[in-house]
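Worksheet: the structure to be examined is printed underneath.
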Amino acid sequence: MSLDVSPQLLAEAESGPVRQEDFVETVRTSLPYAYDLIAHLAAELHAGSVEFADNQTPPPSETERGQLLRALSSDAIRGSLERHFEVALAFQNCHRVAVFRPEDRGGETHTRFTSPRAQILNQSPELRDC
């Protein structure tokens, strides 16, 4: 299971739309490694003039790797994090997450980062089972 959903949030979902803030808080508490990593990258992006910020450090354990994979493989979670942090997420492997400004999605740097060539060049034997 990806998220630890409170009874209150479940009741909210059963009766209608879920507030974005409530969902993001559930993501934050359920997937703290993924949330904190994306928060850190977003802060780095918004604080400077870099084109993007990315993580190249593997997670400390399979638990954290699983959190990251769950966060980025769910459209709802990924989209909520993008809106919350005002970024466009890009993902190359088990831990290489990048954040771009939303208006740069599809631009030269974003396209290069998300290209098949970049994916191939970012592989190594250690990443085969992740």
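The values are calculated or read from the model by the stated rules, or taken from the named source; none is laboratory data. Note that this is a predicted model, so its numbers are computed, not measured. All Cβ positions, glycine included, derive from the backbone under ideal geometry; neighbour counts span all protein chains shown. Just so you know, the surface numbers come from the protein's heavy atoms only, side chains and all, with ligands and any DNA or RNA stripped out. Shrake-Rupley method; radii C 1.70, N 1.55, O 1.52, S 1.80 Å.
At a glance:
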{"item": "Any hit, the range 99-109, residues being open to solvent by 40 Å² or more (accessible area, probe 1.4 Å) and over 30 Å from VAL18 (Cβ atoms)", "result": "yes"}
{"item": "Candidate set: the range 14-33, residues that are assigned to a loop (DSSP other than H, G, I, E, B) and hydrophobic (A, V, I, L, M, F, W, C); chosen: the one surrounded by the fewest Cβ atoms within 10 Å (Cβ to Cβ)", "result": "VAL18"}
{"item": "Filtered residue count, the range 82-91, keeping only those that are more than 13 Å from LEU45 (Cβ to Cβ) and either buried (at least 19 other Cβ atoms within 10 Å of the Cβ) or free of Cβ contacts under 8 Å to residues at least 24 places away in the same chain (or both)", "result": "2"}
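Every residue, every condition in (1) open to solvent by less than 60 Å² (accessible area, probe 1.4 Å); (2) more than 24 Å from THR26 (Cα to Cα); (3) not in a helix (DSSP H, G or I), yes or no:
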site	(1), (2), (3)
GLU44	no, no, no
ALA53	yes, yes, yes
THR57	no, yes, yes
THR63	no, no, no
GLY66	yes, no, no
LEU69	no, no, no
LEU72	yes, no, no
SER80	yes, no, no
